[in-house]
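Worksheet for the structure shown next.
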Amino acid sequence: MSALDSSRLRRLARPAGAPLAAPSAAAGPAEPGERCELCGEPLPPEHGHVVDVAGRSLLCACRACVLLLDRRGAGGGHFRLVPQRRVALEDFRLDEAGWDALGIPVGLAFFFHATPAGRVVAFYPAPMGATESALPLHAWDDLVHANPVLAGLEPDVEALLVNRMRGAREHWIVPIDECYRLVALIRTTWRGFGGGPEVREAIARFFDDLREEAKC
């Protein structure tokens with residue numbers, strides 16, 4: 001995975017026109033001098049992420065804080081540890097009519113339950129960051145009814161990631177930080193009006209990496 005420093009990813013993955021809701025660092029090696037955003041200890045090369053539920057932000061966490069928050073009931077509902085599972089949903093049921101009903105204007109989007117909003121929210125990557133799209137009434141419920149696996153998504157920290165770009169039909173359960181990593185990749189590689197070949201290659205590499213990680 002690519003490693004982006006905290007301040008840079010805050011700028012890159014920020015939803016356009018919305019409060020900061022992006023991760024403070026990519027899921028990769030820590031930059032020199034980077035510290036845990038919970039306790040202030042230096043971060044190891046590989047580190048976890050924690051969602052600040054109320055602030056809708058993602059924080060870098062050292063191993064000690066990750067272990068602490070991995071206990072049932074830890075965090076008091078304010079912090080939630082981002083899990084690591086990456087699952088390709090091979091038999092996912094979503095036809096063209098179902099996709100149109102979700103009202104997403106592009107072929108790439110992620111969906112997760114946001115506790116502060118009290119509902120499932122949808123975002124799609126765009127040149128200026130992650131853009132929120134209002135889900136029509138019952139659209140998500142219909143999708144869960146067709147795909148009961150979605151009922152097991154952990155609120156705030158796991159997402160359904162859908163890729164329908166250039167004929168693809170991929171559906172994944174991924175950690176929320178992976179979604180914002182994709183947002184940052186698109187924002188940094190977008191060129192001109194249509195994005196250009198560089199952004200398409202970046203998206204393809206992202207999903208290639210996701211498939212490899214899912215095998216581990």
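Brief remarks follow.
- Across region 87-215, Cα-Cα distances exceeding 25 Å account for 20% of all pairs.
- The residues E158, E46, when put in order of fewest to most other Cβ atoms within 10 Å, stand as E46, E158.
- Ranked by the mean number of other Cβ atoms within 10 Å of their residues, highest first, the peptides 107-115, 175-183 fall in the order 175-183, 107-115.
- Computed Rg/Rh of region 111-184, alpha carbon atoms with Kirkwood Rh: 0.94
- Protection proxy ranking, peptides 196-204, 123-131, 184-192, average beta carbon neighbours within 10 Å, highest first: 123-131, 184-192, 196-204
- Inter-label distance, D70 to S133: 3.6 nm, where each label sits 7 Å from its Cα along the C-beta direction.
- Working from label points 7 Å from Cα in the Cα-to-Cβ sense, the H145 to V87 distance is 2.2 nm.
- Region 52-106: radius of gyration and largest Cα-Cα distance (Dmax), Å: 17.1, 47
- Sparse-neighbour loop sites [trypsin sites (Lys or Arg not before Pro); region 34-72; at most 16 other C-beta within 10 Å; DSSP]: R71, R72
Here, each number is a calculation from the coordinates, and none is a lab measurement. What you see is a predicted model, and the numbers here were worked out from it, not measured in a lab. Glycine also receives a Cβ, built like all others from the backbone with ideal geometry; neighbour counts cover every protein chain displayed.
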